[in-house]
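The values are calculated or read from the model by the stated rules, or taken from the named source; none is laboratory data. Computed from a predicted structure; not experimentally measured. Cβ sites come from the backbone with ideal geometry, for glycine too, and all protein chains shown count toward neighbours. Just the protein is used for accessible areas: all its heavy atoms, side chains included, with ligands, DNA and RNA removed. Shrake-Rupley method; radii C 1.70, N 1.55, O 1.52, S 1.80 Å.
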Amino acid sequence: SESARSDFVRRGWAERIKRSVVGCCGAGLVGGRRHRDYMAELGMPRDRIFLGYDVIDNAYFSSGADAAREQAASLRAQHGLPARYFLASGRFVPKKNLHRLVNAYAMYREQAGAEAWDLVLCGDGPLRGELEALVARRELGDAVHFAGFVQYPLLPVYYGLASAFVHVSTVEQWGLVVNEAAAAGLPLLVSNRCGCVPELVHDGHNGWVLDPLDAPGIAGALRRVSGAPEQAADMGRASREVVGAFGPPRFAEGLVAAVRCACRQPPVAAGWLDRQVVRLLALR
């Protein structure tokens, strides 16, 4: 599981069903602290909850970003990327909060003036037309770049040539794009609603934790990073150190530990009613 209590408004009847499902299990595998707390709330003993669910191939993004930096001039020209930019990556849907990001970016440009970095948006989705119209209204056409959906082989290029990564979702169970940006060696500006924050974003060390509803606060964080490029570079190196422990071995170790625990432990509380609930869910 990568669900946390704060992801959505929780309703009693739905929580009861979840407790029935958890009660029929012998162990759990979750992403981080917030997810462990929620699974414990649903009835799984903490000593049966193991970490490691949300990881990526760090080496792929690290080596790919470094290779892109070695060919920076030609790759920037090839893909139309500016010399300095904040990168945001995700689907153009409401929970990604991109309208507020664009408005915050407009505030930032007013503050930073000629020294402002550009903003590159990777992704696509139903809100693209609205976002393009907002960029036009805010007269940001020369500074905000819509890269479209970027295929996996090209992602390290966009990360590698970026100066910082920004992610302002209002709901995000984990946020694997944060892992990718950290492995690529970028300073991280990440919403406090993202499940990965306690593990991957250390405020003032490898980035800053943002309130996704506070546009002036987001603008201030953008200014703080772009106004101190040497500190931003240090934060990028720190991001790689932080995410280094969140690779495939972590997932494998957590999964093996969870399986071994489940094999030697009975289900947590699989009463007759719990089993009937799970059976009905399986039939559906």
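A few comments on the model shown:
- What a 1.4 Å probe finds exposed on the chain is 55% carbon and sulfur by accessible area, rounded to a whole percent.
- Dipole magnitude of the range 1-65, debye to nearest 20 (Cβ charges: Lys/Arg +1, Asp/Glu -1, about Cα centre): 380
- Here's the picture: charge each Lys and Arg Cβ at +1 and each Asp and Glu Cβ at -1 in the range 134-284, and of 226, 204, 182 the one pushed furthest to the positive end of that dipole is 182.
- When the charge dipole of the chain is built from unit charges on Cβ atoms (+1 for Lys and Arg, -1 for Asp and Glu) and taken about the Cα centre, the candidate among 245, 129, 268 whose Cα reaches farthest toward its positive end is 268.
- Computed accessible area, residue 211, all protein chains, 1.4 angstrom probe, square angstrom: 70
- Estimated dipole of the chain in Debye, rounded to 20 [Cβ of Lys and Arg +1, of Asp and Glu -1, Cα centre]: 1260
- Residue-level accessible surface for residue 81, protein heavy atoms, 1.4 Å, Å²: 20
- Our analysis of the range 1-145 gives Rg over Rh at 1.12, with the two radii drawn from alpha carbon positions and Rh computed by the Kirkwood formula.
- Heavy-atom accessible area, probed at 1.4 angstrom with all protein chains present, ranks 174, 208 as 208, 174, highest first.
- Computed with a 1.4 Å probe over protein heavy atoms only, the accessible surface of the range 117-209 comes to 33 Å² per residue.
- Reciprocal of mean inverse Cα separation for the range 43-85 (Kirkwood radius, Å): 13.8
- Size check on the range 103-200: the Cα extents along the three principal axes, sorted descending, read 36, 28, 27 Å.
- Each part reduced to its alpha carbon centroid, the range 199-230 and the range 114-157 end up 19 Å apart.
- In this view, the solvent-accessible surface of residue 17, computed with a 1.4 Å probe and all protein chains in place, comes to about 60 Å².
- Estimated 222 nm signal from helices in the chain, with DSSP H stretches of n ≥ 4 weighted -39500 (n - 2.57), rounded to 500: -15000 deg cm²/dmol
- Restriction of the GluC sites (Glu not before Pro) in the range 119-158 to DSSP coil positions whose beta-carbon has at most 11 other beta-carbons within 10 angstrom yields 139.
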